[in-house]
Amino acid sequence: MTKYSCILIVLLAGCDGISSTPTAPCVHGSDCPSGLCLNNQCLAPNADLSETDFSGADLAGVTDDMAGTSGDMAGMSRDMAGTSGDMASASGDMASTSSDMANASGDMSVAFLSVTFAPAAGYGAGTTPVSVGLGDFNHDGKLDIATANSGSNDVSVLLGNGNGTFGVPHNSPAGTMPLVIAVADFDLDQKADAVVGNSNGMTNLLLSNGDGTLQTPKSYATSGTCAGLTLGDFNNDTRPDVVVACTGTGPGGTIGNTVLNLLLATANGTLQFGTSPPITGGHYFGLTSGDFNGDTNLDLIAADNVIALGNGDGTFQSGTITTVEGYNSAASADLNNDGHVDFIGDSGLGLAVSKGKGDGSFLAASHFPTRGSPVTSIAIADFNGDGVLDIATLSGLTVLLGKGDGTFPVSLNFAASGVSMAAGDLNGDGKPDLVIADRNVVQVLLNTTP
């Protein structure tokens with residue numbers, strides 16, 4: 001083993017203690033005292049081959065000498081199994097880093113297989129921030145943060161400086177224990193406003209004053225505990241409308257013990273009850289809107305994965321069961337660039353993605369691992385800059401990198417965790433950053449992906 005390992009190393013870079021000085025003619029190594037025959041010349045036992053010119057050399061004699069032990073170079077490879085096998089094992093141990101990623105990524109460029117974030121910066125808000133949204137509350141072109149704070153019964157607005165940092169919170173009363181927040185310009189004055197669902201069955205609309213403070217809430221009696229919200233223009237009047245999911249009974253169609261309430265935005269900055277979506281069954285708060293059947297009208301998927309197709313006038317067709325899975329959180333986007341809106345939801349054990357067929361129906365859900373379950377929040381953006389949508393999930397932060405075909409073969413876990421999340425470019429570098437509410441502070445994670 002020692003002899004032949006040394007010969008192999010000689011051929012590559014020289015072997016210590018061997019001189020290249022020929023000593024006598026030879027045909028085989030057995031003709032030489034050293035056992036080494038090169039170019040029909042015996043080599044001295046202390047031959048140094050590090051500077052030997054092997055160009056045009058006939059190395060048959062060297063390999064012939066090995067015939068008794070290995071027969072050919074394959075035998076030498078077997079003799080070196082202790083070395084090459086260990087290297088193979090080491091290479092195999094790296095499968096989770098290289099081979100698995102290569103197999104998973106398929107035609108994904110290696111350059112786009114990672115996402116990095118700067119260490120989280122924590123900002124104070126009200127007591128127990130449980131839901132977060134982003135919008136420009138003071139019309140300065142910079143994204144601001146808004147949180148619903150269940151412990152202090154208010155909404156905090158942190159004005160953005162445009163460089164990824166934020167000012168002190170402006171706290172505005174928001175009713176009893178706000179649990180969920182959504183941000184949009186409800187009165188079309190080019191300043192973001194907020195709507196919250198409360199634990200006492202109320203839904204509160206808070207219009208912006210333009211300086212980070214919010215006006216006295218306009219309250220709407222819905223029902224039970226309101227912890228699910230989605231926004232969309234359901235009557236095609238260019239104003240964002242609200243669907244809020246609340247437990248218990250009240251106006252609207254029931255979903256088991258959960259009630260959906262439709263609140264349509266009006267021209268004077270108020271909301272008015274519309275005909276609630278006729279969806280029945282279930283008791284979850286995950287809901288999302290999108291044009292799932294391609295008729296340009298927004299539809300709704302809620303609770304136990306029932307879809308209600310929108311008529312475009314604020315009313316909905318009867319709900320039908322779908323194959324999607326979205327219990328505690330839900331979102332929608334075209335993930336495979338086929339022009340059809342897909343559904344993304346919490347499966348109870350991770351993330352479920354259901355590709356839309358464009359007619360209001362879906363393929364069976366595909367499942368992807370996440371750090372922790374249930375998934376309490378979903379954000380969709382191109383986090384690694386490859387032009388393909390990715391998905392970020394909580395409870396523990398996971399970023400799933402998309403291939404553009406509706407699959408997510410690379411899953412990246414991060415130390416951050418929380419209950420609610422929003423994505424947006426907070427520092428103007430063109431990369432989507434993350435804001436997380438974790439019940440204690442607001443975490444800002446700036447995207448540093450090259």
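FYI, it's all coordinate maths here, none of it is from the lab. The structure presented is a predicted model; accordingly, all values stated were derived computationally and were not measured. When we count neighbours, we look across all protein chains shown, and the Cβ atoms used for this are built from the backbone with ideal geometry, even at glycine.
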Original post:
If you take every DSSP beta bridge whose two residues both sit in segment 132-178, what share of them, in percent to the nearest 5, is antiparallel?
Top reply: 100 percent
**OP:** At 7 Å along the Cα-to-beta-carbon direction for both N163 and T449, put a label point, then send me their distance in nm to one decimal.
**Re:** 2.5 nm
Original post:
For segment 316-450, what's the relative contact order in percent, using C-alpha pairs closer than 8 Å and at least 6 residues apart?
Top reply: 16 percent
Original post:
Among the listed pairs K355/K403; K142/K431; K355/K431, which are separated by more than 23 Å between their Cα atoms?
Top reply: K355/K431
**OP:** Averaging over all projection directions, find the projected area of the Cα convex hull of segment 113-163 and quote it in nm² with one decimal place.
**Re:** 4.7 nm²
Subject >> T176/A415 FRET efficiency (R0 35 Å; Cβ-Cβ; nearest 0.05) >> reply: 0.55
Original post:
Roughly what percent of Cα-Cα pairs across segment 315-394 reach past 18 Å?
Top reply: 41 percent
Subject >> ³J(HN,Hα), Karplus 6.51/-1.76/1.60, whole Hz, each residue of segment 429-434, x for Gly, Pro >> reply: 9, x, 10, x, 9, 10
Subject >> Relative contact order, percent, segment 404-450 [alpha-carbon distance under 8 Å, six or more residues apart] >> reply: 27 percent
Original post:
segment 156-264: Rg/Rh from Cα coordinates, Kirkwood Rh?
Top reply: 1.01
**OP:** Would you please give the FRET efficiency between T323 and A267, computed as 1/(1 + (r/R0)^6) with r the Cβ-Cβ distance and R0 = 45 Å, to the nearest 0.05?
**Re:** 0.70
Subject >> Normalised convex hull volume, segment 305-439, alpha-carbon set, Å³ per residue >> reply: 129 Å³
Subject >> Sequence-separation-based contact order of segment 362-401, relative, with Cα cut under 8 Å and 6+ spacing, percent >> reply: 38 percent
